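To start, the structure under review is shown below, and the notes come after it.
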């Protein structure tokens, strides 16, 4: 009577067996390539503040590399002098910035080797960076950065930015990160009142912005670099400069 | 004939409708978006008192629902409160506390203190655990001097010499951090507040239209509604009305209404059925 139950034929073939692991057909469990996709930034840098004035551009950024909420590396320069006509500032992932910096520096070396009298121009670098950033984002493997390119081309000052999505635009006032919310209103108001800023005025404005950013950005640092490209003086990167901190109001808070 | 006595409702937030709302949302009827105020609101303490400022745009998600709303609410003759967040919450909360303050004033026979209003507001908002979306800037002058508080929806408060709230708060705070000092005269203070609100209006999409300012000094209040009309509506260049005779009349036909019959039906009023 029990024979038919004990010796019953199996219900299915090539299917899961009770008590055993079943590997679904068609899906390979090992990854084909070990590249990371759409990563999260690790060591990051915060805002960049940039302003175009009558005869040149100013770009400033602090020198902190944050590890999440830890102020880990307090000497991370992120304003780069590319050549006499171009300065480049970057925010976001510091490792990605270092990689792109090496590639740009190699480009300059190759250009020097060619020795044909042609030098890289700010708009060319800006365009090239835009293409790289957009292509990487289209492959889901972005450079997690926000670049600000400044320089003088054909006698006119130029200021442009590219972000990790490949969004690119050029303007007289460019600030990335928290600077967009805090520094841009200040700069816009000042430029509206005085459209023809001199180098000294522009620099003072940017210094004021760095001070306000130190008060209100929780991932900022009171030491920063400031780079200028002027028609007459070429590209100069200065730093580290200390923020003028005014904490007198501490006495007034109950 | 009996009249039902309404039961006093249980204190605290009633979550009875949440299940119903979730069901409706799944059927395709989401909760209508509350009118928020987007907003830039600010307050500063100057030499003789407090200056409050606010923009006048109310938003419903990405539409402007009110181009000229009032965000500076009356609390007491010596106290005003700016409100950001959900418009209904700020309006009702300030009105409620205003009436409580009036009762308090009558009971104690003294001018109400700003700290009292602060306590009342924070205790009320904390009880509702942040569900009442009211972010307030409370300012006033009482017997102990000028005071300025910022009150957050969850019930925490800060007592500061200058403060900003709302989506435009970063733009406004940038202006304060670069230009505030403790020895401001009234005129400079008003200009600073106007500039801070203007920074919010022009750089934040949730804020816009005009600047309202309220200056509170010991013994006097200056409520300047539309202190600065920062965004004037464009004036039409010319009239688009067509002059009479533009359209030529080809022919006209008049149909008279003939009165055929006139009858009157009187209608007796029926007695109300109160059974």
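Just so you know, all these numbers are worked out from the coordinates, no wet-lab data involved. Treat the numbers as computed from the prediction; the structure is a model and nothing was measured. Every residue, glycine among them, receives a Cβ derived from its backbone with ideal geometry; neighbour counts consider all protein chains shown.
Here are the numbers for this structure:
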item: Using a Förster distance of 56 Å, the FRET efficiency for residue B:244-residue B:31 (Cβ separation, nearest 0.05); result: 0.65
item: Using alpha-carbon coordinates, inclination of helix A:122-138 to the longest axis of chain A, degrees; result: 20 degrees
item: Gaussian network model of chain A, springs between alpha carbon atoms under 10 Å - residue of A:86, A:174, A:109 with greatest fluctuation; result: A:109
item: Spacing of the two label points (7 Å from each Cα toward its C-beta) at residue B:179 and residue A:81, in nm; result: 3.6 nm
item: Partner chain coverage, peptide A:178-186 - average Cβ within 10 angstrom; result: 6
item: Residue B:143-residue A:40 pseudo-label distance in nm [points 7 Å out on the Cα-to-Cβ vector]; result: 5.5 nm
item: Highest-first arrangement of A:163-172, A:16-25, B:227-236, where packing means the average Cβ count within 10 Å; result: A:163-172, B:227-236, A:16-25
item: Value at 222 nm in deg cm²/dmol, rounded to 500, when DSSP H runs of n ≥ 4 in chain A each add -39,500 (n - 2.57); result: -9500 deg cm²/dmol
item: Candidates B:246, B:93, B:59: whichever shows maximal mean-square fluctuation once chain B is modelled as a Gaussian network with Cα springs under 10 Å; result: B:246
item: Relative contact order, percent, chain B [alpha-carbon distance under 8 Å, six or more residues apart]; result: 21 percent
item: For residues of A:138-146, the mean tally of beta carbons on other chains within 10 Å; result: 0
item: Distance in nm between pseudo-label sites at residue A:8 and residue B:154 (7 Å out along the Cβ direction from Cα); result: 5.9 nm
item: Most mobile listed residue (B:88, B:198, B:117) in chain B, GNM with C-alpha springs under 10 Å; result: B:88
item: Average other protein chain Cβ within 10 Å of Cβ, residues A:216-225; result: 1
item: Label-reachable residues, segment A:142-172, where backbone N falls under 20 Å from a point 7 Å from residue A:98's Cα toward its Cβ; result: A:142-148
item: Segment A:43-243: relative contact order as a whole-number percent, Cα under 8 Å and 6+ apart; result: 31 percent
item: Degrees separating the helix A:94-114 axis from the principal Cα axis of chain A, which is the longest one; result: 60 degrees
item: Value of relative contact order over segment A:128-254, rounded to a whole percent, pairs C-alpha under 8 Å and six or more apart; result: 16 percent
item: Extension gain (nm, one decimal) between residue B:92 and residue B:264, 0.36 nm per residue minus Cα-Cα; result: 56.7 nm
item: Helix A:199-216 axis, angle to chain A major axis (alpha carbon atoms, nearest 10°); result: 40 degrees
